[in-house]
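Below is one structure, written out as structure tokens, with a few remarks after it.
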Amino acid sequence: MNSKTLRKVSLFALVYFSMSFLFAGGTITGTVKYEGKVPRMKALKMAADPICDGKHKDAPARMEWLVVSDSGELKNAFVWIKEGADNYPAPEEHAVLDQNGCIYSPHVLGVQVDQVVDILNTDGTLHNVHSLSKRNPQFNIAMPKFKKKKEVTFTKSEMMFPIKCDVHPWMKCYVAVVNHPFFDVTGEDGNFKISGLPAGTYTLEVWHEKLGTKTVSVTVADGATETVDFTLTKPKKKK
Ligand SMILES: [Cu+2]
């Protein structure tokens with residue numbers, strides 16, 4: 001390579017490098033809170049399976065349909081770009097759904113279309129993985145104690161559907177299949193963060209298994225961070 005070409009290549013690399021910072025994409029971040037009476041989550045009765053029961057000797061596992069901190073931060077809310085994002089190819093990285101202590105971990109899982117999901121059986125007991133999807137074909141897989149891993153993929157985008165275990169009736173989790181990577185699930189602090197969004201206007205939605213959904217329109221610029229907080233309440237009972 002002569003020095004002229006080298007200069008050209010270096011200049012190109014420099015411009016490219018700077019541009020990647022300029023166009024790093026926008027971020028939406030925030031906190032999901034719950035407002036209302038917080039029920040105490042009942043302990044799960046696992047006595048029917050001594051292996052499950054034995055894994056929670058110190059503290060019983062509890063139901064997870066409404067997990068709220070003392071200051072109202074809501075866990076297991078799914079926040080995602082409902083409208084405005086393009087289709088993205090599946091990442092190489094596998095998503096993981098573990099069956100550990102006879103509960104699903106995580107309780108709410110977001111995956112991309114065609115992304116490989118490793119369904120693990122860490123328990124050494126029989127589980128049955130039964131998907132109740134509507135757009136994607138349902139499956140019903142027995143995972144005997146020696147079956148440590150099963151890989152599945154979902155080929156169509158589909159908002160939340162349950163996966164349950166027919167052996168242990170308390171086992172239930174929720175899966176969303178999204179055609180892009182812009183989603184997050186809140187942890188115990190209620191926080192979510194969606195990064196790398198191309199500049200634009202999007203419909204952002206929060207979903208919770210008992211509290212329903214809420215949407216908001218958000219405009220993000222390259223390199224900027226928008227904060228969006230949600231407060232969810234119990235839906236009114238239908239009369
Ligand atoms: Cu099970």
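Near Val220, once Lys and Arg are set to +1 and Asp and Glu to -1 for all other residues with Cβ below 14 Å from its Cβ, the sum equals -2.
In the context of the full set of protein chains, residues of segment 48-102 present 56 Å² of accessible surface per residue (probe radius 1.4 Å, heavy atoms only). Taking only protein heavy atoms and a 1.4 Å probe, the accessible area of segment 108-196 is 52% carbon and sulfur.
If contacts are Cα pairs under 8 angstrom and at least 6 residues apart, what is the relative contact order of segment 113-212 in percent? Normalised by residue count, the contact order of segment 113-212 is 24 percent. Does anyone have the angle between helix 3-22 and the longest principal axis of the chain? Alpha-carbon axes, 0 to 90°, nearest 10? The answer is roughly 40 degrees. Across all C-alpha atoms in segment 60-107, the radius of gyration and Dmax reach 15.3, 43 Å. Once the Cα-Cα distance is subtracted from the 0.36 nm per residue extended length, the Gln138 to Ser3 segment shows a gain of 42.5 nm.
In this model, which of Lys55/Lys145; Lys42/Lys164; Lys134/Lys234; Lys134/Lys172; Lys214/Lys236; Lys75/Lys149 are farther than 21 Å apart at the alpha-carbon? Long pairs (Cα-Cα over 21 Å): Lys134/Lys234; Lys75/Lys149. Using a simple spin-label model with pseudo-atoms 7 Å out from Cα toward Cβ, Ser105 and Ala48 lie 2.3 nm apart.
If you plug the beta carbon distance of Lys148 and His56 into 1/(1 + (r/R0)^6) with R0 = 25 Å, you get a FRET efficiency near 0.75.
What the phi angles of segment 74-82 give under the Karplus curve with 6.51, -1.76 and 1.60, with θ = phi - 60°, is a coupling list of 9, 8, 6, 8, 9, 10, 8, 7, 7 Hz, glycine and proline written as x.
One quarter of the convex hull surface built on the alpha carbon atoms of the chain amounts to 17.9 nm², the projected area averaged over directions.
The values are calculated or read from the model by the stated rules, or taken from the named source; none is laboratory data. Model, not experiment: these values are computed from the prediction. When we count neighbours, we look across all protein chains shown, and the Cβ atoms used for this are built from the backbone with ideal geometry, even at glycine. Heavy atoms of the whole protein, side chains included, go into the accessibility calculation; ligands, DNA and RNA do not. Shrake-Rupley method; radii C 1.70, N 1.55, O 1.52, S 1.80 Å.
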